[in-house]
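As structure tokens, the structure follows; a few thoughts come after it.
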Amino acid sequence: MAAQTEPEIVLYDLASTKNVCFSPVVWRIRLLLNYKRIPYKTIFLEFPDIEPTLKALGLPPHESGASGSKLKYTVPAIHHLPTNTYIMDSTPISEFLDKTYPDPPVPLSSELGREIETKGRAAFGQVFLVSLLPREAAILSPRSQEYFRRTREAWLGHPLEDLLDPEKEEKVWSAAGDDMRALGELMLTNKADGPFVLGARPSYTDFFIAGSLQSSRMVDEGVFQRTIVHPGFKEIYEACLPYMEKKD
Ligand SMILES: N[C@@H](CCC(=O)N[C@@H](CS)C(=O)NCC(=O)O)C(=O)O
């Protein structure tokens, strides 16, 4: 565990008008940094500044299609100051952090964790698409909003507002209900040993879950509340709260 207060890491994060982290992927890394008590500082980047800033740091772009991304440059990215190492993409960042700061250890993967992450992506893909994507624009600066609208509408093939159809939104939520309940039950598998997915101590899957929930909460409290009604979600979210205190 690093005891210094001088930052060892610069974390590149996504800017919003709330001036706190709201990206689910950056939250995973932030939870890891906070849990391991690694001293870091944040640089928030507006959407259109991500690519030019990370490119200027000398980071190579994502290979086409890497990590399922259409994007060349993404946050999180980190600069590890003691070794002058730059890394982009949450997976290599988490591996680097766990190797460089092994105490306390964080299991990065497990069979149960992989099952939860895969089923979580399937259960929430549509729900977050219809309920969060169109609301995300509301917490962006005018410059980021313009970028976000232009890029996302090009992917979707229609205006963001078309997603905000209350009837369709209800249908998507009720279709996902059983899967969400089942997912919550999986999260409680080791509840006899503690509140986390693997029991007493957090694993990266807990940070995946808590980060997604915190992100949804930053965008829309109603979406967050609607998710945590399923037993399992709230327990993990609350157990991770101490590691979500540093948000910026
Ligand atoms: N595979 C990447 C995905 C990260 C990602 O999609 N980040 C988004 C913010 S949540 C981003 O930087 N988007 C840049 C853009 O849309 O130009 C990872 O795991 O780090």
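Hey, among Glu46, Glu63, which residue is modelled with pLDDT under 95, of a type outside the set (Phe, Trp, Tyr), more than 8 Å from the ligand (Cβ to nearest atom) and over 18 Å from Glu8 (Cα atoms)? Of the residues listed, the single one that is modelled with pLDDT under 95, of a type outside the set (Phe, Trp, Tyr), more than 8 Å from the ligand (Cβ to nearest atom) and over 18 Å from Glu8 (Cα atoms) is Glu63. Could you grab the pairs with beta carbons closer than 7 Å, sequence gap of 6+ or different chains, first residue in region 124-147 and in the same structural domain as Ser174 (by TED's automatic domain parsing), second one of a type in the set (Ser, Thr, Tyr) and surrounded by fewer than 17 Cβ atoms within 10 Å (Cβ to Cβ)? Qualifying pairs under 7 Å: Ile139/Thr17; Leu140/Thr17; Ser141/Thr17. With the condition kept exactly as written, say whether any residue in region 85-97 is within 14 Å of the ligand (Cβ to nearest atom), free of Cβ contacts under 8 Å to residues at least 60 places away in the same chain, surrounded by fewer than 17 Cβ atoms within 10 Å (Cβ to Cβ) and among the aliphatic types (A, V, I, L, M). No - not one qualifying residue is present in region 85-97.
Of note, Ile9 satisfies the criterion of being over 14 Å from the mean Cα position of the chain (by Cα) and closer than 17 Å to Pro102 by Cα.
Between Pro76, Pro24, Pro48, which is on the phi < 0 side of the Ramachandran plot and surrounded by fewer than 20 Cβ atoms within 10 Å (Cβ to Cβ)? Steps first, please.
Details: Pro76 fails: surrounded by fewer than 20 Cβ atoms within 10 Å (Cβ to Cβ); Pro24 fails: surrounded by fewer than 20 Cβ atoms within 10 Å (Cβ to Cβ).
Matching residue, one of Pro76, Pro24, Pro48: Pro48.
Only one entry in Arg28, Arg37 is out of contact with any Ser or Thr (no Cβ under 9 Å at 6 or more places or on another chain) and under 29 Å from Phe224 (Cβ atoms), namely Arg37. Checked against the criterion of being of a type in the set (Asp, Glu) and surrounded by fewer than 16 Cβ atoms within 10 Å (Cβ to Cβ), region 191-200 has at least one qualifying residue.
Please determine whether any residue of region 86-100 is more than 29 Å from Asp220 (Cα to Cα), part of a strand (DSSP E or B) and not small (Gly, Ala, Ser). Looking for residues that are more than 29 Å from Asp220 (Cα to Cα), part of a strand (DSSP E or B) and not small (Gly, Ala, Ser), one finds at least one in region 86-100, hence yes. Close Cβ contacts (under 9 Å, 6 or more residues apart or on different chains) running from residues in region 179-199 that are touching a residue at least 40 places away in the same chain (Cβ under 8 Å) and closer than 14 Å to Lys234 by Cα to residues that are of a type in the set (Ser, Thr, Tyr) and surrounded by fewer than 16 Cβ atoms within 10 Å (Cβ to Cβ) comprise Val197/Ser110; Val197/Thr189. For region 1-43, filtered to residues that are part of a strand (DSSP E or B) and touching a Phe, Trp or Tyr at 6+ places or on another chain (Cβ under 9 Å), the residue that is nearest to the ligand (Cβ to nearest atom) is Leu14.
The values are calculated or read from the model by the stated rules, or taken from the named source; none is laboratory data. Treat the numbers as computed from the prediction; the structure is a model and nothing was measured. With ideal geometry, Cβ positions are generated from the backbone for all residues, glycine too; neighbour counts draw on all protein chains shown.
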